[in-house]
Amino acid sequence: MFGKLLKNDIKAQWHSMSFVFLGIVIIAGVAEIFTVTTKNKMGSALGGLLVFLVLLFACVFIVIKTASMFSKTMFGRAGYLTLSLPVKTSTLLRSKTVSSLIWIFGVYALCFGSLFLWMAQVQEALGEDFVNSAESLLSIFGVPSFLTISFGVIYLIVSLAIIVLVMVEAMQLAITCSHVSPVSKLGKFGAIVIFFAVTALVLYVSGAVGELIKLGLVVTPERIILSSNITEAAATVGKDSLTICVSGDIYSLICAFVLHLPTAYLIKNKVNIM
């Protein structure tokens, strides 16, 4: 049943999302063509950066768009039909969540793909000699190598994906609360306040957990070490290493799944459809 719900959600949402993706493709495509065809190295670098910035804006827009679709299909006119389907509320909500994440992560992947492409274009424009000189300079000051930093960037993308998941779950909880008395009297303002409050709380506690529990990775050009105390592990490895604390992200991931529970409960037992 979940598969059928997800399939129908994606089909229904595609009518709205197709225009969004078409706009992204046109703007980013024109900028990328300019980047590839121009003979000016500075213009090429700026063109690649423009593509990334366009897609970064698209990431923000797509989150707002999915929030609007969730509100309309769950609590708008279509909500009467949606909530009358013979399926569990948790399954229905999970379908809405996954379909939203598919659109968001689709743009998210394009955004960071364009970033890596831009970095490759800049490297090609500057030449290998410049890159080698920069890496030598980094090692003098004890800064991790490009290879080590690259792994850190990849983990940063994963960490941001977890934050996006938290934001989607917080968004759905906030919109649901705005249709439950007495918060419903505040309308959209109430939803916005709850969204930022829940997101900020999860991220703040996540940071505190990261400071308290030093579980993480110590990355060097030769190996990756999993340690329960990354501070001590980094001290034994040496200065040419990168420490990544994962305990905070694990906490955020758990919170994202936990936030699903009150949303499903409120939709099933307390929500007022307008």
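The values are calculated or read from the model by the stated rules, or taken from the named source; none is laboratory data. Nothing here was measured: the structure is a model prediction, and the numbers come from that model. Positions of Cβ are backbone-derived with ideal geometry, glycine not excepted, and every protein chain shown enters the neighbour counts. Quick note on the areas: whole protein, heavy atoms, side chains included, nothing else; ligands and nucleic acids left out. Shrake-Rupley method; radii C 1.70, N 1.55, O 1.52, S 1.80 Å.
Let's see how each residue does on (1) surrounded by 13 or more Cβ atoms within 10 Å (Cβ to Cβ); (2) of a type outside the set (A, V, I, L, M); (3) without any contact (Cβ under 8 Å) to a residue 24 or more places away in the chain; (4) under 20 Å from Val164 (Cβ atoms):
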residue	(1), (2), (3), (4)
Ile192	yes, no, yes, yes
Tyr204	no, yes, yes, yes
Leu215	yes, no, no, no
Arg223	no, yes, yes, no
Residue check, Lys185 open to solvent by 30 Å² or more (accessible area, probe 1.4 Å) and touching a Cys at 6+ places or on another chain (Cβ under 8 Å): no
Which of the residues that make up the range 169-190 are touching a residue at least 12 places away in the same chain (Cβ under 8 Å) and among the small types (Gly, Ala, Ser)? Ala170, Ala174, Ser178, Ser181, Ser184, Gly190
Checked the range 246-265 for anything more than 16 Å from Leu215 (Cβ to Cβ) and surrounded by 19 or more Cβ atoms within 10 Å (Cβ to Cβ); matches are Cys255, Ala256, Leu259, Thr263, Ala264
Which residue, of Thr148, Thr231, Thr243, Thr176, is modelled with pLDDT under 90, touching a strand residue (DSSP E or B) at 6+ places or on another chain (Cβ under 9 Å), of a type in the set (Ser, Thr, Tyr) and open to solvent by less than 20 Å² (accessible area, probe 1.4 Å)? Thr148
